[in-house]
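The block underneath contains the structure these notes are about, expressed in structure tokens.
Read-outs: derived from the displayed coordinates by stated rules, not from any lab. Please read all numbers here as calculations on a predicted model, not as lab measurements. Here the Cβ positions follow ideal geometry from the backbone for every residue, glycine too, while neighbour counts run over all protein chains shown.
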Amino acid sequence: MIRANDNYSKLQASYLFSDIAKKVNDYQLKNPEAHIIRLGIGDVTRALAPEVIKGFHDGVNEMANDATFRGYGPEQGYAFLRETIAKNDFQDRGADILPDEIFVSDGAKCDTGNFQELFAKDIKVAIPDPVYPAYLDTNVMAGRTGEFEKGRYSGIIYMDCLKENNFLPKLPEEQVDLIYLCFPNNPTGSTATKEELTLWVEYAKKNQALILFDAAYEAFIRDEALPRTIYEIEGAREVAVEFRSFSKTAGFTGTRCGFTVVPKNCMIFNSKGEKTSLHAMWNRRHTTKFNGVSYPVQKAAQAVYSQEGKAQVQEQISYYLNNADIIRKTIETLGLDYVGGKNSPYIWIDGSGMDSWKFFDLLLTKASVVCTPGAGFGRCGNNYIRLSAFNSLDNVTLAMERLKKALALKSRVTNRSGLTNRSHVK
Ligand code: MLT
């Protein structure tokens, strides 16, 4: 009898963003005239930069000619792209990463989800709450958790990220083996300093643990004092893997390209306690299960690093950061507490006690604005929503006007019904 992986039955019915998309589509069907503005999923809206398109076209043109056509490429990515990444993203920032430590892939979601395959089933996993759901769900699928009760899976060590700790996870009190970190953070938009990341690298070294560091949003860092890669931290090469993506950096959400850095001296341990090369394991997995990113896409990704490409991509990021500023200022005007929106495209808003799905429904039905309910990222997000800055300036401006009206209305209704409207903390 063909039997199912029972761990799937522990998962929530559907993936967060699929759930939201369904709700929004249902609403649109019932309200065909509604002009819905999507500030939910972090999906870019601006066209690929001209230099990137040129790289893309060059790649396509080469594929159109027998003399320059390419079939299977190296699974790990073409040398031209791995060398360009190593130099620009790491070596130029003083981080000692070599081209053959970079594995080009179709994006950070797949890599952050797949990486846990390399570890034993009974390791202790520490995951922030709130968190990007793919880290947690893939560990559930792999059978590293018990059942889901009261908003949490047993067997996971949750690291609460709350206002009281500046939305930064605290070092676990118990010994853990695998730690997921993401900075600038999705969903909260919070950032970590070099000193804060140093504490994690030291913890990992002391406990023979591994850090999976998701840096998909590093391009949004404008504060020069903040680290752009975990490899700016001394010793991180031995205990950290880093995930990167061109999705938000250069508008590749539909084009698909990212990469994972696995330093050669990053070791894990087999059941006999012997050191095992993580690089060799990931290489084995990658070459077995992945056949590389298409050549034109890798040419497009390389163009992100040309002089013109860098300038054009920076301009796009500034555009989204300007949207984030507009959102932050509106939220301030409304007297709501928030974090993020600086060095990050996400703004994490405290709903002053309102349940996050109720907040979601309110914004959808009264403002035709889509947010992401914080509960979808974990129990600590129950009273938060996330707004994303990825949309056009016109749409963001309009969405903020609608938000002001919808929330003013809500506040009047709540006051009239005698409920207290919690005073807003700054
Ligand atoms: C998000 O909205 O959290 C991201 O866009 C989802 C993703 O990158 O897969």
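Of everything listed in (1) touching a helix residue (DSSP H, G or I) at 6+ places or on another chain (Cβ under 8 Å); (2) at negative phi; (3) exposed (fewer than 12 other Cβ atoms within 10 Å of the Cβ), the single unmet condition for residue 30 is (1). Scanning the range 368-379 for residues that are within 16 Å of the ligand (Cβ to nearest atom) and either more than 21 Å from the chain's Cα centre (by Cα) or not in a strand (DSSP E or B) (or both) yields a count of 7. Of all residue pairs spaced 6 or more apart or on separate chains, those with beta-carbon atoms under 6 Å, a first member in the range 285-314 that is among the basic types (Lys, Arg) and a second member that is part of a helix (DSSP H, G or I) are 299/55; 299/58; 299/59. Among the conditions (1) over 30 Å from residue 367 (Cα atoms); (2) in a helix (DSSP H, G or I); (3) basic (Lys, Arg), residue 23 misses just one, which is (1). Is it the case, given these coordinates, that residue 201 is among the β-branched types (Val, Ile, Thr), part of a loop (DSSP other than H, G, I, E, B) and more than 16 Å from the ligand (Cβ to nearest atom)? Taking the combined requirement at face value, the residue does not satisfy it.
Rundown of residues vs (1) more than 20 Å from the chain's Cα centre (by Cα); (2) in a loop (DSSP other than H, G, I, E, B); (3) in contact (Cβ under 8 Å) with a residue 12 or more places away in the chain; (4) under 17 Å from residue 19 (Cβ atoms), yes/no style:
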{"site": "347", "(1), (2), (3), (4)": "no, no, yes, no"}
{"site": "354", "(1), (2), (3), (4)": "yes, yes, yes, no"}
{"site": "366", "(1), (2), (3), (4)": "yes, no, yes, no"}
{"site": "391", "(1), (2), (3), (4)": "no, yes, yes, no"}
{"site": "400", "(1), (2), (3), (4)": "yes, no, yes, no"}
{"site": "405", "(1), (2), (3), (4)": "yes, no, yes, no"}
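Condition check for residue 125 on (1) surrounded by 14 or more Cβ atoms within 10 Å (Cβ to Cβ); (2) closer than 25 Å to residue 249 by Cβ; (3) of a type outside the set (Gly, Ala, Ser): one failure, at (2).
One line per residue, one yes/no per condition, for (1) more than 18 Å from residue 318 (Cα to Cα); (2) over 20 Å from the mean Cα position of the chain (by Cα); (3) touching a residue at least 12 places away in the same chain (Cβ under 8 Å):
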site: 196; (1), (2), (3): yes, no, yes
site: 220; (1), (2), (3): no, no, yes
site: 233; (1), (2), (3): yes, yes, yes
site: 254; (1), (2), (3): yes, no, no
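One residue is enough: does the range 153-162 have a residue meeting the conditions in a helix (DSSP H, G or I) and either within 16 Å of the ligand (Cβ to nearest atom) or out of contact with any Phe, Trp or Tyr (no Cβ under 9 Å at 6 or more places or on another chain) (or both)? No; the residues of the range 153-162 include none that is in a helix (DSSP H, G or I) and either within 16 Å of the ligand (Cβ to nearest atom) or out of contact with any Phe, Trp or Tyr (no Cβ under 9 Å at 6 or more places or on another chain) (or both). On the stretch given as the range 26-74, residues that are over 27 Å from residue 300 (Cα atoms) and either away from the ligand (no atom under 16 Å from the Cβ) or assigned to a helix (DSSP H, G or I) (or both) total 11. For the range 6-20, the set of residues classified as part of a loop (DSSP other than H, G, I, E, B) and surrounded by fewer than 14 Cβ atoms within 10 Å (Cβ to Cβ) consists of 12, 13, 14, listed by residue number. Of everything in the range 280-294 that is surrounded by fewer than 19 Cβ atoms within 10 Å (Cβ to Cβ) and not polar (S, T, N, Q), the residue that is nearest to residue 70 (Cα to Cα) is 290.
All told, residue 94 falls short of being small (Gly, Ala, Ser) and buried (at least 21 other Cβ atoms within 10 Å of the Cβ). Selection over the range 163-192 of residues that are away from the ligand (no atom under 16 Å from the Cβ) and not in a loop (DSSP other than H, G, I, E, B) gives a count of 5. Highlighted here are the helices (runs of 4 or more DSSP H) found entirely within the range 234-291 that include at least 2 residues which are away from the ligand (no atom under 16 Å from the Cβ): 236-239, 278-289.
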